[in-house]
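Asker: Take this structure, written in structure tokens, and hold onto it; I'll ask about it next.
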Amino acid sequence: MARKPKTIITCAVTGAIHTPTMSDALPYTYDQIATQAIAAAEAGAAILHLHARDPETGAPSINPDDFAPFLARIKQATDAVVNISTGGSLTASIQERIKPAVTFKPEMCSMNMGSLNFSFHGLAARYKTWKFDWEKAYVEGSEGNIFRNTFKDIKEAAETLAPDEIKFEHEIYDVGHLYNLKAMADQGHFKAPIFLQFVMGIMGGIGADVENLVFLKRTADKLFGDDYRWSVLAAGMSQIPMAVTASQMGGHVRVGLEDSLFISRGELAESNEAQVTKTRHLIEGLGHAVATPDEAREILGLKGGDRVNF
Ligand code: KMH
Ligand code: ZN
């Protein structure tokens, strides 16, 4: 009998949605981001999806200077694949957003495949006081956010990054984004195997449920045949249940405090590592092995950790 393919766990360590008030575990200093990323890798995350933050205030940052300190530490301490976000701001231009990836030339970076309303304003009502001044307006203001990713933006990002041979984590927030990707792949912008991250449960995108996942996967099969690999991230409480579902359907999984602050219903996670460990145990308990970083490199066709610029 053919062996089951291994499951890649990505850990998205801090992101740009949650704020320090929401959980004491959310890392934002260079040391906290490095320490939690390294622990997540040791627990079984083969890929680390990384955003930066201002180390004083915890506000999301896309300044390459805020990435450099933790990238160096992570590289020294782990063999994990580093994936740098190009979606760390809902207001900056695409050229600003890709600067960290252009600077550090990681093995992977995110590539958001369409424009959408992108909101988390509903979270604001849960907090009466805030740790930092910027947080309340940031969270409430997301009610008016459009996350802009036009065809021209995506083309500019793909063309600028093409010489660096970075594998994209294509963020697919809805079924139409698969068609956007197909059109651009047909124009030669992306190399097989393409890597899809089905993003489920963001307000503005598709909801996190099994029927929707089956529809996304069926559509991807129709459009990309054997030329793709896929993973699921579900926002909030659905995170770990949908990750386990994806693994049972032959997909890869993404967890981490970027996408959910919880370890179980109503209980905050102590760390990224805790979410990775729980997910790993569930996946392994159901008979799937978890991929090492080198196995993830093989599955996704990555350039190698020795060809990055950090
Ligand atoms: N925070 C996720 C819902 C990116 O970094 O480019 C989407 C994301 C986007 O990870
Ligand atoms: Zn991200």
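Asker: Filter the range 273-302 for residues that are surrounded by fewer than 17 Cβ atoms within 10 Å (Cβ to Cβ), within 19 Å of the chain's Cα centre (by Cα) and more than 12 Å from Lys6 (Cβ to Cβ) and give the result.
Answerer: Gly301
Asker: Only one of these is within 22 Å of Leu50 (Cβ to Cβ) and in a helix (DSSP H, G or I): Ala137, Ala162. Name it.
Answerer: Details: Ala137 fails: within 22 Å of Leu50 (Cβ to Cβ).
Going through Ala137, Ala162 in turn, the sole match is Ala162.
Asker: Report yes if some residue within the range 205-215 is surrounded by 16 or more Cβ atoms within 10 Å (Cβ to Cβ) and among the aromatic types (Phe, Trp, Tyr); otherwise report no.
Answerer: Within the range 205-215, not a single residue is surrounded by 16 or more Cβ atoms within 10 Å (Cβ to Cβ) and among the aromatic types (Phe, Trp, Tyr).
Asker: Let me ask another. Using beta carbons and a limit of 9 Å, which pairs, at least six apart or on different chains, have the first residue in the range 247-258 and free of Cβ contacts under 8 Å to residues at least 24 places away in the same chain and the second one of a type in the set (A, V, I, L, M) and part of a strand (DSSP E or B)?
Answerer: none
Asker: Determine whether the range 21-32 contains at least one residue that is within 15 Å of ligand 2 (Cβ to nearest atom), buried (at least 21 other Cβ atoms within 10 Å of the Cβ) and within 15 Å of the chain's Cα centre (by Cα).
Answerer: Pass one, the range 21-32, residues within 15 Å of ligand 2 (Cβ to nearest atom): 26-28.
Keeping just the survivors that are buried (at least 21 other Cβ atoms within 10 Å of the Cβ) gives 26-28.
Keeping just the survivors that are within 15 Å of the chain's Cα centre (by Cα) gives none.
No: zero hits.
Asker: Which one of these is crowded, with 19+ Cβ neighbours inside 10 Å, free of Cβ contacts under 8 Å to residues at least 60 places away in the same chain and of a type in the set (Phe, Trp, Tyr): Phe151, Phe224?
Answerer: None of the others qualify; the one that does is Phe224.
Asker: Evaluate the range 65-82: report whether one residue or more is over 22 Å from Phe132 (Cα atoms), of a type outside the set (A, V, I, L, M, F, W, C) and within 16 Å of ligand 2 (Cβ to nearest atom).
Answerer: Applying the first criterion (over 22 Å from Phe132 (Cα atoms)) to the range 65-82 yields 68-82.
Now restrict to residues that are of a type outside the set (A, V, I, L, M, F, W, C): 69, 73, 75-76, 78-79.
From what is left, the residues that are within 16 Å of ligand 2 (Cβ to nearest atom) are none.
Scanning the range 65-82 turns up no residue that is over 22 Å from Phe132 (Cα atoms), of a type outside the set (A, V, I, L, M, F, W, C) and within 16 Å of ligand 2 (Cβ to nearest atom).
Asker: Which of the following residues is over 30 Å from Asn145 (Cα atoms), away from ligand 2 (no atom under 14 Å from the Cβ) and modelled with pLDDT under 95: Ala46, Ala2? Write out each step before concluding.
Answerer: Values: Ala46 fails: modelled with pLDDT under 95.
Selected residue: Ala2, the only one of Ala46, Ala2 that is over 30 Å from Asn145 (Cα atoms), away from ligand 2 (no atom under 14 Å from the Cβ) and modelled with pLDDT under 95.
Asker: What's the number of the condition Tyr127 fails, among (1) over 26 Å from Ala183 (Cβ atoms); (2) hydroxyl-bearing (Ser, Thr, Tyr); (3) within 13 Å of ligand 1 (Cβ to nearest atom)?
Answerer: Among (1) over 26 Å from Ala183 (Cβ atoms); (2) hydroxyl-bearing (Ser, Thr, Tyr); (3) within 13 Å of ligand 1 (Cβ to nearest atom), the lone unmet condition for Tyr127 is (3).
Asker: Is at least one residue of the range 160-175 of a type in the set (Ser, Thr, Tyr) and buried (at least 19 other Cβ atoms within 10 Å of the Cβ)? Walk me through it before giving the result.
Answerer: Step one: list which residues in the range 160-175 are of a type in the set (Ser, Thr, Tyr), which gives 160, 173.
When the remaining residues are screened for being buried (at least 19 other Cβ atoms within 10 Å of the Cβ), the result is 173.
Yes, the range 160-175 has at least one match.
Asker: Then there is this: Could you look through the range 117-128, keep only residues that are touching a strand residue (DSSP E or B) at 6+ places or on another chain (Cβ under 8 Å) and buried (at least 19 other Cβ atoms within 10 Å of the Cβ), and pick out the one that is nearest to Leu300 (Cα to Cα)?
Answerer: Ranking the qualifying residues of the range 117-128, first place goes to Phe118.
Asker: I've got another one for you. Where in the range 188-272 are there strands (runs of 3 or more DSSP E), lying wholly inside it, with at least 3 residues that are within 16 Å of ligand 2 (Cβ to nearest atom) and under 15 Å from the mean Cα position of the chain (by Cα)?
Answerer: Passing ranges, in order: 194-200, 228-234, 252-255.
The values are calculated or read from the model by the stated rules, or taken from the named source; none is laboratory data. Note that the coordinates shown come from a computational prediction; the quantities given were computed from them, not determined experimentally. Positions of Cβ are backbone-derived with ideal geometry, glycine not excepted, and every protein chain shown enters the neighbour counts.
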